[in-house]
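The values are calculated or read from the model by the stated rules, or taken from the named source; none is laboratory data. Quick caveat: nothing in here was measured; it's all calculated off a predicted structure. Because the Cβ atoms are built from the backbone with ideal geometry, glycine has one as well, and the counts that use them run over all protein chains shown. For accessibility, only protein heavy atoms count, side chains too; no ligands or nucleic acids. Shrake-Rupley method; radii C 1.70, N 1.55, O 1.52, S 1.80 Å.
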Number of protein chains: 2
Amino acid sequence: MSSIDLRLLRYFIAVAEEAHLTKAAQRLGIQQPPLSQQIRVLENELGVTLFTRLPRGMALTEAGHMLLDEARGIFARLDSAVAGVRGVARGELGHLAVGFTESASLHPFVPRVLRAFREAAPDVGFAVEENNTPDLVQAIHDKRLDAAFIRSPISNVEGLVIETLLVEEMIVALPAAHRLARARSKGVALAALAQDPFILIHRPNGPGFYDTIISACQAAGFCPNVIQETHKNLSTLSLVAAGLGVSIIPASMHHVEIEGVVYRRICGAPALRAPLHLAWRSVHTSGALARLIALARALAEDYQKPARF
Amino acid sequence: MSSIDLRLLRYFIAVAEEAHLTKAAQRLGIQQPPLSQQIRVLENELGVTLFTRLPRGMALTEAGHMLLDEARGIFARLDSAVAGVRGVARGELGHLAVGFTESASLHPFVPRVLRAFREAAPDVGFAVEENNTPDLVQAIHDKRLDAAFIRSPISNVEGLVIETLLVEEMIVALPAAHRLARARSKGVALAALAQDPFILIHRPNGPGFYDTIISACQAAGFCPNVIQETHKNLSTLSLVAAGLGVSIIPASMHHVEIEGVVYRRICGAPALRAPLHLAWRSVHTSGALARLIALARALAEDYQKPARF
DNA sequence: TGAAATCCATATCTACAAAATATGTCTTCC
DNA sequence: GGAAGACATATTTTGTAGATATGGATTTCA
């Protein structure tokens, strides 16, 4: 590996451009003698005569001309490297892989954050993936993802930060023909559903939802009759629409309007809440990720104020 | 212009590759504390965290990864620049523009030198030009040429070196029907041509030849009857072949066999000699040129020994 | 759980090399 | 022919990279 000092190249460029040692020294802010000496050091290290010393100044040799071009190129590359590294650190460059669950993607907040990030850091390569919470957590751990908007995982995986951005209530999705759907009531008590068949998301796909619903029902004094489990929350709504039973989903999903499905608030079940988390590796090194986290926090704060549904 | 020292980049690469400060310090042949310090200097100058300090070593951040790639590229470029500059200086790279007169190109020595140069420095861009001596001298002066094989110019142009490589005698070219051509004599006296019509090269195209011939004739006691002047030596031979008169040319041109032309040595005219010079700018900076000059000198020395014609 | 080991950070001192100062040498120009 | 201009050389000063010694945090193993 070459041991030419960049300082020597900088000096060389100045002398080459000025074609005059004394002027170059002034431009560099040093005195003429050390510059004279350092140019000789450079020539010795290269084993090449770079200048012909004329009585009127310094003229580049052919080899010197080549070095001038190369040296400028090297500095340009160094500058762009520094700019690039700073850009990556600031989260303006680089790339970011973000995942989210289906229910998160249906929450208006998540696309809003992603859109804001794209606007703030348009030069960051951006990849998204939809998956269920456990798989997303694993993907982050395996460094296939940098971050993900998830629902509650069973456990806080080692080395991951799981930060709660928002908490929303859960609502019940009823077939339009359901007795509680026809009543223009403000909300329904959870206990009123004790006899209804339940359609829930498959526990391995959404353990947070599943466990929250089951334990809320038990708190309300019954064990729900789960007649079917689906892979996605959206699928439960299809089954509700078909009249197979009722489902409990995060409130933000009321934005999904499905023929034959009616949403109702649930009264008296304060534990029936669905948090929206952002997860990432605790030792993360991406400026882009830092930027996403900051954005998500800021937008979450804005989002808290107006009550939904 | 960036002020990142290459030493810092070298240190950075070592630490990044070892992922271990102490090992990197050993590899660099320094102690661990200064390395720790210099890495921090680099991080401060960039304003970027390059490593996450783990209990078990140093792990690159995303920005650090980018810098590693860039730094390697910068060193690669620097190395190739150094190699290129050295190659140019040694005359192994770069380019060279060489000129020669017609008579020089007909001298076996010149193509021999050029061929040897091409073999010695195949990567040097190479351009040749044939022209008369005065124009070649001007072209060198104007830096359109780096060197030229020329005949004697009128004056040593300022700033040019004109080095004599070879000196050859001059011979007379006679029409086959000429009385002196029919005699199988060893040579002819210059005075024997006093009554013949002379064909000479136009003086501005070959002042050395012209003046040498005229003054030799005057020394032999006559003023030649020049009935025609040509632009090139070769043209004079055509006219000789046509029987218009006689011509005096450098001995090496006897290699040109033309129907109807007979060559004879000239006796008793020691001043009738044609030097072959190599000319170049005295302040030259091309390694390729230095190589050509050295080659020409070496080959000229070889060439002197066997007498020609 | 406590001791040893590992690894990086901090503090202080040393030494080398880059830069400043002073002077010399060679051209050129008036 | 003397003065000015330009780079080279000699000597001293100074800034900083590196060495030494130590500290602090974490992990590993007994």
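For residue B:207, which of the numbered conditions (1) buried (at least 17 other Cβ atoms within 10 Å of the Cβ); (2) in contact with a strand residue (DSSP E or B) (Cβ under 7 Å, 6 or more places away or on another chain) fails to hold?
In the conditions (1) buried (at least 17 other Cβ atoms within 10 Å of the Cβ); (2) in contact with a strand residue (DSSP E or B) (Cβ under 7 Å, 6 or more places away or on another chain), residue B:207 misses (2) alone.
Please work out if residue B:119 is open to solvent by 10 Å² or more (accessible area, probe 1.4 Å), under 20 Å from residue B:290 (Cβ atoms) and assigned to a helix (DSSP H, G or I). Full working, then the answer.
Numbers: open to solvent by 10 Å² or more (accessible area, probe 1.4 Å): yes; under 20 Å from residue B:290 (Cβ atoms): yes; assigned to a helix (DSSP H, G or I): yes.
Yes; evaluated as a whole, the condition is true for this residue.
Every residue, every condition in (1) closer than 30 Å to residue B:145 by Cβ; (2) within 9 Å of DNA strand C (Cβ to nearest atom); (3) small (Gly, Ala, Ser); (4) touching a residue at least 60 places away in the same chain (Cβ under 8 Å), yes or no:
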{"site": "A:11", "(1), (2), (3), (4)": "no, yes, no, no"}
{"site": "A:17", "(1), (2), (3), (4)": "yes, no, no, no"}
{"site": "A:55", "(1), (2), (3), (4)": "yes, yes, no, no"}
{"site": "A:60", "(1), (2), (3), (4)": "yes, no, no, no"}
{"site": "A:73", "(1), (2), (3), (4)": "yes, no, yes, no"}
{"site": "A:77", "(1), (2), (3), (4)": "no, no, no, no"}
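Does residue B:94 satisfy the criteria of being on the phi > 0 side of the Ramachandran plot, free of Cβ contacts under 8 Å to residues at least 12 places away in the same chain and either away from DNA strand D (no atom under 16 Å from the Cβ) or within 29 Å of the chain's Cα centre (by Cα) (or both)? Write out each step before concluding.
Working: on the phi > 0 side of the Ramachandran plot: yes; free of Cβ contacts under 8 Å to residues at least 12 places away in the same chain: no; either away from DNA strand D (no atom under 16 Å from the Cβ) or within 29 Å of the chain's Cα centre (by Cα) (or both): yes.
No, not satisfied.
Can you tell me which residue in region B:1-36 is modelled with the lowest pLDDT, limited to those that are away from DNA strand D (no atom under 12 Å from the Cβ) and open to solvent by 50 Å² or more (accessible area, probe 1.4 Å)?
Result: B:1.
Are any residues in region A:236-253 surrounded by 18 or more Cβ atoms within 10 Å (Cβ to Cβ) and over 18 Å from residue A:192 (Cα atoms), and if so, which ones?
Here is the first cut: in region A:236-253, the ones surrounded by 18 or more Cβ atoms within 10 Å (Cβ to Cβ) are A:236-237, A:239-240, A:245-253.
Residues satisfying the conditions are A:236, A:237, A:239, A:250, A:251, A:252, A:253.
When you scan region A:62-71, how many residues do you find that are out of contact with any Phe, Trp or Tyr (no Cβ under 8 Å at 6 or more places or on another chain) and either more than 7 Å from every other protein chain (Cβ to nearest Cβ) or touching a residue at least 60 places away in the same chain (Cβ under 8 Å) (or both)?
Let us first name the residues in region A:62-71 that are out of contact with any Phe, Trp or Tyr (no Cβ under 8 Å at 6 or more places or on another chain), namely A:62-63, A:65-66, A:69-70.
Filter again for either more than 7 Å from every other protein chain (Cβ to nearest Cβ) or touching a residue at least 60 places away in the same chain (Cβ under 8 Å) (or both), leaving A:65, A:69.
Adding up the residues that qualify gives 2.
Given the conditions (1) out of contact with any Lys or Arg (no Cβ under 9 Å at 6 or more places or on another chain); (2) away from every other protein chain (no Cβ under 12 Å); (3) more than 30 Å from residue A:285 (Cβ to Cβ), which single one is not true for residue A:54?
Failing condition for residue A:54: (2).
Please tell me if residue B:86 is within 24 Å of residue B:294 (Cβ to Cβ), crowded, with 16+ Cβ neighbours inside 10 Å and free of Cβ contacts under 8 Å to residues at least 12 places away in the same chain.
Yes; evaluated as a whole, the condition is true for this residue.
For the structure I just gave you, tell me whether residue B:235 is modelled with pLDDT under 90 and closer than 23 Å to residue B:151 by Cβ. Quick ask: steps written out before the conclusion?
Values: modelled with pLDDT under 90: yes; closer than 23 Å to residue B:151 by Cβ: yes.
Answer is yes for this residue.
Of A:124, A:110, A:157, A:172, which residue is surrounded by fewer than 23 Cβ atoms within 10 Å (Cβ to Cβ) and either assigned by TED's automatic domain parsing to the domain that holds residue A:235 or under 13 Å from the mean Cα position of the chain (by Cα) (or both)? Reasoning before the result, please.
Numbers: A:110 fails: surrounded by fewer than 23 Cβ atoms within 10 Å (Cβ to Cβ); A:157 fails: either assigned by TED's automatic domain parsing to the domain that holds residue A:235 or under 13 Å from the mean Cα position of the chain (by Cα) (or both); A:172 fails: surrounded by fewer than 23 Cβ atoms within 10 Å (Cβ to Cβ).
Going through A:124, A:110, A:157, A:172 in turn, just one is surrounded by fewer than 23 Cβ atoms within 10 Å (Cβ to Cβ) and either assigned by TED's automatic domain parsing to the domain that holds residue A:235 or under 13 Å from the mean Cα position of the chain (by Cα) (or both): A:124.
Of the conditions (1) of a type outside the set (Val, Ile, Thr); (2) open to solvent by 20 Å² or more (accessible area, probe 1.4 Å); (3) within 14 Å of residue A:78 (Cβ to Cβ), residue B:79 fails just one. Which one is it?
Here residue B:79 clears every test but (3).
Return the total of residues in region A:77-99 being touching a helix residue (DSSP H, G or I) at 6+ places or on another chain (Cβ under 8 Å), facing chain B (nearest Cβ under 7 Å) and part of a helix (DSSP H, G or I).
Result for region A:77-99: 9.
Please go through region B:58-76 and give me each residue that is assigned to a helix (DSSP H, G or I), buried (at least 22 other Cβ atoms within 10 Å of the Cβ) and touching a strand residue (DSSP E or B) at 6+ places or on another chain (Cβ under 7 Å), ordered by number.
B:64, the sole residue that qualifies.
Tell me which residues, restricted to region A:37-51, are under 30 Å from residue B:95 (Cβ atoms), open to solvent by 10 Å² or more (accessible area, probe 1.4 Å) and more than 8 Å from chain B (Cβ to nearest Cβ).
Once the filter is applied, which keeps residues that are under 30 Å from residue B:95 (Cβ atoms), open to solvent by 10 Å² or more (accessible area, probe 1.4 Å) and more than 8 Å from chain B (Cβ to nearest Cβ), region A:37-51 yields A:38, A:40, A:41, A:43, A:44, A:45.
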